[in-house]
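Engineer: So that we are looking at the same thing, I have put the structure below in structure tokens.
The values are calculated or read from the model by the stated rules, or taken from the named source; none is laboratory data. Not measured: the values here are computed from a predicted model. All Cβ positions, even for glycine, are placed from backbone atoms using ideal geometry, and neighbour counts span all protein chains on display.
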Amino acid sequence: MATATVVTPAVPDRRMLAAAAVLMQICLGIIYSWAVFRGPLAAAYGWDKTVTIAPYRWSILFFTLAMVVAGFWQDKKGPRLVGSFGGVLLGLGCLLAAFIGNTPSGLIFSYGVVAGLGVGFAYVTPIATCVKWFPDKRGLVVGLAVMGFGVGSLIFAPLLERMMGSDPAAYQTTIPRTFLFLSALFFVVVIGTAQMYKVPPIGWKPAGWNPPAAAQGKRRSDYTPGEMLRTWQFYAVWLLYFLGSSVGLTAIGESAPLIRELAAASAALTGGAALGVMSLFNGVGRLGWGGLSDKLGRKQAILGMCAVSVVACWLVLPNTADFWRVLAGLCLVGFCYGGYLALMPSIAADYYGAKNIGANYGILFSAWGAAGFVVPGYFAGIIEQAKQAGTVATGYNTMFYGLGVLTVLGAVVALLARRPEH
């Protein structure tokens, strides 16, 4: 009588999954390069600051809405389908922007709504995949994955600046052409990398690794989204995420205009190149703070991020038009902001388990979207008013001091938060 053969599912090389995650996230990081478009759009169509920041704000909002849906969807259907769908939407949004992006409403719909949804559907998939494949190095690998998202501007900002050129008379031609290039790139790379994703077999764990004893007790059991929402800790972590994201997203959105309007006389780099350098620190911060949190603890890492960010917002950035000081301050803010994108998925898994991480982190990520939609627009209005009054430097100072206050509030929330008891 023949003996049945048990086929063990093939386990992919975890390093290849991590590499695919980084490559996809680099493409998704295009959202951080929006500041480069703001000057050319203002010159081409006569739009003011509140109009040129609008597609950025709406892309963040719809990015977040998609994250919530995508989290549930990928937990049920897997990351490959959801990541591919995100790539289709991102490519389609940039394609539409090339044809209808010459009006504020057209650009908001194409880039803000459609492309923003695409980023959200794709973004959750590499994070959820890496969390499940790397339970032994959760903070480090999530930091590595989202590092790509942070350093995307290092590649895209100078590239986009070069593609659009510096001739205002040509912007109405070069801006649509740039969106066409982005569309083709995202259709190929984002959809292509999504094909590499899969979830680990049931019961799989890294060779030689066993969960810590604390992780096996009731305290670390898996929460459903409904159970998570019934804990006060979720709202504390949500608020912490909102405050930390507000600082970084606002600084990123105003980085290129800040260089152009305050530090142009001493600038050694263009606004796009400066944004690229800031994005490098953003990416390094994700990897560095993520790895550090595995060793020192999540709370200690967050408090360190808050301390550095306060120094940047209150001591380095205000009352200066020196290019190198402005760049240093922006890099410090980006370095700390990157840590939130690495630590928050890890905190969600630490607090509520890895089983439902897609849905749970998708809900938590709404804090990032709310911050990006509300706070940059608020400070853009303050800066625009100051610019109209001839005191644009005062507007930027108000922004920096306000962001420092948000950082201090975040540190207080971090001190109060603690892991829930199931």
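Engineer: Quick test for you: out of A97, A21, A115, A42, pick the one residue that is closer than 21 Å to S255 by Cα, in contact with a helix residue (DSSP H, G or I) (Cβ under 8 Å, 6 or more places away or on another chain) and either of a type outside the set (F, W, Y) or part of a helix (DSSP H, G or I) (or both). Quick ask: steps written out before the conclusion?
Structural biologist: Working: A97 fails: closer than 21 Å to S255 by Cα; A21 fails: closer than 21 Å to S255 by Cα; A115 fails: closer than 21 Å to S255 by Cα.
Just one listed residue meets the conditions, A42.
Engineer: Restricting attention to segment 264-291, which residues are without any contact (Cβ under 8 Å) to a residue 60 or more places away in the chain, in contact with a helix residue (DSSP H, G or I) (Cβ under 6 Å, 6 or more places away or on another chain) and part of a helix (DSSP H, G or I)?
Structural biologist: Within segment 264-291, S266, A274, F281 qualify.
Engineer: Could you tell me whether T407 is surrounded by fewer than 23 Cβ atoms within 10 Å (Cβ to Cβ) and at pLDDT 90 or above? Steps first, please.
Structural biologist: Numbers: surrounded by fewer than 23 Cβ atoms within 10 Å (Cβ to Cβ): no; at pLDDT 90 or above: yes.
Here the answer is no, as T407 does not meet what is asked.
Engineer: Then there's this: Against the condition among the basic types (K, R), in a helix (DSSP H, G or I) and surrounded by fewer than 22 Cβ atoms within 10 Å (Cβ to Cβ), how does R260 come out, does it pass? Break it down into steps so the answer makes sense when it comes.
Structural biologist: Values: among the basic types (K, R): yes; in a helix (DSSP H, G or I): yes; surrounded by fewer than 22 Cβ atoms within 10 Å (Cβ to Cβ): yes.
Criteria met by R260.
Residue-by-condition table, conditions (1) surrounded by fewer than 24 Cβ atoms within 10 Å (Cβ to Cβ); (2) modelled with pLDDT of 95 or more; (3) not aliphatic (A, V, I, L, M):
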residue	(1), (2), (3)
G338	no, no, yes
L343	no, no, no
D350	yes, no, yes
Q388	yes, no, yes
T391	yes, no, yes
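Engineer: Among the residues of segment 312-370, count how many are of a type in the set (S, T, Y) and in contact with a Pro (Cβ under 9 Å, 6 or more places away or on another chain). Break it down stepwise before answering.
Structural biologist: Just the residues of segment 312-370 that are of a type in the set (S, T, Y), to begin with: 320, 337, 340, 346, 351-352, 361, 366.
Keeping just the survivors that are in contact with a Pro (Cβ under 9 Å, 6 or more places away or on another chain) gives 351-352, 361.
Summing the residues that are of a type in the set (S, T, Y) and in contact with a Pro (Cβ under 9 Å, 6 or more places away or on another chain) in segment 312-370 gives 3.
Engineer: Hey, could you check segment 292-307 for residues that are buried (at least 18 other Cβ atoms within 10 Å of the Cβ) and farther than 16 Å from A348 by Cα and say which is farthest from the chain's Cα centre (by Cα)?
Structural biologist: So, considering only residues that are buried (at least 18 other Cβ atoms within 10 Å of the Cβ) and farther than 16 Å from A348 by Cα, the one farthest from the chain's Cα centre (by Cα) is L292.
Engineer: Can you tell me which residues in segment 311-330 are among the hydrophobic types (A, V, I, L, M, F, W, C) and either crowded, with 21+ Cβ neighbours inside 10 Å or without any contact (Cβ under 8 Å) to a residue 24 or more places away in the chain (or both)?
Structural biologist: Of the residues in segment 311-330, the ones among the hydrophobic types (A, V, I, L, M, F, W, C) are 311-317, 321, 323-324, 326-328, 330.
Of everything in segment 311-330, those that are among the hydrophobic types (A, V, I, L, M, F, W, C) and either crowded, with 21+ Cβ neighbours inside 10 Å or without any contact (Cβ under 8 Å) to a residue 24 or more places away in the chain (or both) turn out to be V311, A312, C313, L315, V316, L317, V326, L327, A328, L330.
Engineer: Regarding A122, is this residue within 20 Å of V374 (Cβ to Cβ) and small (G, A, S)?
Structural biologist: Numbers: within 20 Å of V374 (Cβ to Cβ): no; small (G, A, S): yes.
When the stated conditions are applied, A122 does not pass them.
Engineer: Right, here's the next one. Would you tally the residues in segment 45-75 being part of a helix (DSSP H, G or I), under 24 Å from E161 (Cα atoms) and either of a type in the set (V, I, T) or over 17 Å from the mean Cα position of the chain (by Cα) (or both)?
Structural biologist: Counting residues in segment 45-75 that are part of a helix (DSSP H, G or I), under 24 Å from E161 (Cα atoms) and either of a type in the set (V, I, T) or over 17 Å from the mean Cα position of the chain (by Cα) (or both) gives 7.
Engineer: Could you grab the pairs with beta carbons closer than 9 Å, sequence gap of 6+ or different chains, first residue in segment 131-151 and within 13 Å of I347 (Cα to Cα), second one outside any helix (DSSP H, G or I) and among the hydrophobic types (A, V, I, L, M, F, W, C)?
Structural biologist: V131/A354; P135/W209; P135/A354; R138/A354; L140/F134; V142/F134
Engineer: Just a yes or no: is a residue in segment 79-87 more than 16 Å from the chain's Cα centre (by Cα), closer than 20 Å to I191 by Cα, crowded, with 23+ Cβ neighbours inside 10 Å and of a type in the set (V, I, T)?
Structural biologist: yes
Engineer: Looking only at segment 196-215, decide whether some residue is among the small types (G, A, S), within 30 Å of K76 (Cα to Cα) and touching a residue at least 40 places away in the same chain (Cβ under 8 Å). Before you say what the answer is, go through the steps one by one.
Structural biologist: Of segment 196-215, the ones among the small types (G, A, S) are 203, 207-208, 213-215.
When the remaining residues are screened for being within 30 Å of K76 (Cα to Cα), the result is 203, 207-208, 213-215.
Now restrict to residues that are touching a residue at least 40 places away in the same chain (Cβ under 8 Å): none.
Taking every residue of segment 196-215 in turn, none turns out to be among the small types (G, A, S), within 30 Å of K76 (Cα to Cα) and touching a residue at least 40 places away in the same chain (Cβ under 8 Å).
Engineer: Let me ask something else. Could you tell me whether segment 72-85 includes any residue that is on the phi > 0 side of the Ramachandran plot and in contact (Cβ under 8 Å) with a residue 40 or more places away in the chain?
Structural biologist: Initial filter on segment 72-85 (on the phi > 0 side of the Ramachandran plot): 78.
Then keep just the ones that are in contact (Cβ under 8 Å) with a residue 40 or more places away in the chain; that gives 78.
Yes, segment 72-85 has at least one match.
Engineer: Another one. Residues that are touching a Leu at 6+ places or on another chain (Cβ under 7 Å), surrounded by 24 or more Cβ atoms within 10 Å (Cβ to Cβ) and among the small types (G, A, S): does segment 12-22 have at least one?
Structural biologist: The first filter runs over segment 12-22 and keeps only residues touching a Leu at 6+ places or on another chain (Cβ under 7 Å), leaving 18, 22.
So of that shortlist, the ones also surrounded by 24 or more Cβ atoms within 10 Å (Cβ to Cβ) come out as none.
Checked against the condition, which is being touching a Leu at 6+ places or on another chain (Cβ under 7 Å), surrounded by 24 or more Cβ atoms within 10 Å (Cβ to Cβ) and among the small types (G, A, S), segment 12-22 yields no hits at all.
Engineer: Same structure again: Within segment 288-305, is there a residue that is closer than 30 Å to L258 by Cα and either touching a His at 6+ places or on another chain (Cβ under 6 Å) or aromatic (F, W, Y) (or both)? Explain how you work it out, then say what you get.
Structural biologist: Narrowing segment 288-305 to residues closer than 30 Å to L258 by Cα: 288-290, 301-305.
Imposing the further condition that a residue be either touching a His at 6+ places or on another chain (Cβ under 6 Å) or aromatic (F, W, Y) (or both) reduces the set to 289.
Yes.
Engineer: Next question, about the same structure. Can you find a residue in segment 360-378 that is in contact with an Asp or Glu (Cβ under 9 Å, 6 or more places away or on another chain), crowded, with 18+ Cβ neighbours inside 10 Å and closer than 30 Å to A264 by Cβ?
Structural biologist: The answer is yes, given that some residue of segment 360-378 is in contact with an Asp or Glu (Cβ under 9 Å, 6 or more places away or on another chain), crowded, with 18+ Cβ neighbours inside 10 Å and closer than 30 Å to A264 by Cβ.
Engineer: Could you tell me which numbered condition G120 fails, if it satisfies all but one of (1) under 18 Å from L81 (Cβ atoms); (2) at pLDDT 95 or above?
Structural biologist: Condition (2) is where G120 drops out.
Engineer: Specify the residue that is nearest to V277 (Cα to Cα); the eligible residues are those in segment 125-184 that are in a helix (DSSP H, G or I), charged (D, E, K, R) and at pLDDT 80 or above. Can you show your working first?
Structural biologist: Initially, segment 125-184 is screened for residues in a helix (DSSP H, G or I), giving 125-133, 138-164, 168-184.
From what's left, charged (D, E, K, R): 132, 138, 161-162, 177.
When the remaining residues are screened for being at pLDDT 80 or above, the result is 132, 161-162, 177.
Working: K132: 31, E161: 14, R162: 16, R177: 25 Å.
Here the residue is E161.
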